[in-house]
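Here's the structure, in structure tokens; my notes come after.
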Amino acid sequence: MSKTTVDAPANIAFIKYWGAKDLDRALPLNTSISMTLESCCTRCTAELLDSGHADEVWISEPDGGFRRPPHEFEDRVRAHLDRMRRWAGRQETFRIATRNSFPSAAGLASSASGFAALTLATAGALGKDDVPTDELARLARESGSGSASRSVLGGFVEWPAIDAERSHGVELAEADHWDLRDVIAVVEIGPKAVSSLEGHRRAHTSPYLPKRLEILPERIDRVRRAIAERDLALLGPAIEEEAVDLHIIAMSSHPPIFYWSPGTVGVLRAVRELRQEGVHAYATIDAGANVHVICEAEAEDDVASRLESLPVVGFVIRDSVGPGPERTSPHLF
Ligand code: PMV
């Protein structure tokens, strides 16, 4: 039967999706902007099964073995398979396997790459190869992991907070527009204590959310302009303010969410010191403790060796801006 394999990358948000108007459909409160990564990605193989089979969902291990995914993840995958069938007007079931290129224990957001890969691989297995990217990005958003919508595209991507039909990732600039690097300091391994889905739910309970939404348009403009002009001195402060704001909302939610660990603060301090020494590097943090340090190519080695020297850092992953998902082989099964 028809089998398709897709590699879809993770992305790091410069302006974060945090809080939804409609969480079931992942319609965001605010526009977000991200850079698609190159190396951190999810490979997904989707195969159509003969009628009479139930959907099968597997995690593929680096040694070639397979295991069942955690319940919550499996339920979300199954719900998305139903959504893809409804969209395509089809009845067939799927055998799915996914594998992350980055250590899954690193606590890095794998849902964006995972649900982007799942959307594209299942669309391919259903023979929907000529579907416009906009439609695939919308379907990826509807997976529930809204940031997956940005991972359907490469380079620099904006996801506007507008009506349901048009709210999906759109390309701002291609990957070769600006050779930015993302040096990821892994300070905590293991899954985060509170999922981003729960974080979106609780965002509405923070008294600071209205203020965030009030100041965001100006920051979004700055990030757009910084990308267009390849201006790291303009981008850097905007992404650092934004990362802190996300965590202010999380920490002031009811009940509060504390994603930072002592290692997070240690890395933020090291990034400030690097700047005092003349190395242009800026930090951003998703819903977790690990820190993404954004810099240009010439600063990458200095940034990586400083972060590796910190006792609070377990390991460092070096990534860069990438061109987006691709059909690939070999299949995972
Ligand atoms: O797409 P979700 O529901 O996994 O939420 C993503 C949340 C952040 O990673 C913190 C921000 C973002 O825009 O990627």
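The values are calculated or read from the model by the stated rules, or taken from the named source; none is laboratory data. Being a predicted model, the structure only gives us computed values, none of them experimental. No Cβ is skipped: glycine too gets one built from the backbone with ideal geometry, and neighbour counts run over all protein chains shown.
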Some residue of the range 282-290 being assigned to a helix (DSSP H, G or I), closer than 20 Å to residue 235 by Cβ and hydrophobic (A, V, I, L, M, F, W, C): no
Check on residue 315, free of Cβ contacts under 8 Å to residues at least 12 places away in the same chain, surrounded by fewer than 21 Cβ atoms within 10 Å (Cβ to Cβ) and of a type in the set (Phe, Trp, Tyr): no
Lone qualifier among 250, 270 - being over 29 Å from residue 23 (Cβ atoms), part of a helix (DSSP H, G or I), of a type outside the set (S, T, N, Q) and not assigned by TED's automatic domain parsing to the domain that holds residue 110: 270
Enumeration of residues in the range 114-135 that are within 10 Å of residue 87 (Cβ to Cβ), outside any loop (DSSP other than H, G, I, E, B) and not β-branched (Val, Ile, Thr): 123, 135
Among (1) among the small types (Gly, Ala, Ser); (2) touching a Phe, Trp or Tyr at 6+ places or on another chain (Cβ under 6 Å); (3) near the ligand (Cβ under 9 Å from one of its atoms); (4) more than 18 Å from residue 227 (Cβ to Cβ) - the single one residue 46 does not satisfy: (3)
Residues of the range 196-214 that turn out to be of a type outside the set (Val, Ile, Thr) and out of contact with any helix residue (DSSP H, G or I) (no Cβ under 8 Å at 6 or more places or on another chain), as a count: 7
Qualifying residue in the range 156-170 (condition: assigned to a strand (DSSP E or B) and more than 14 Å from the ligand (Cβ to nearest atom)): yes
Hits in the range 187-218 (condition: under 24 Å from residue 102 (Cα atoms), surrounded by fewer than 19 Cβ atoms within 10 Å (Cβ to Cβ) and hydroxyl-bearing (Ser, Thr, Tyr)): 195
Residue match in the range 175-190 (condition: in a helix (DSSP H, G or I) and of a type in the set (Asp, Glu)): yes
Residue within the range 88-108 that is under 16 Å from residue 148 (Cα atoms) and of a type in the set (A, V, I, L, M, F, W, C) present: yes
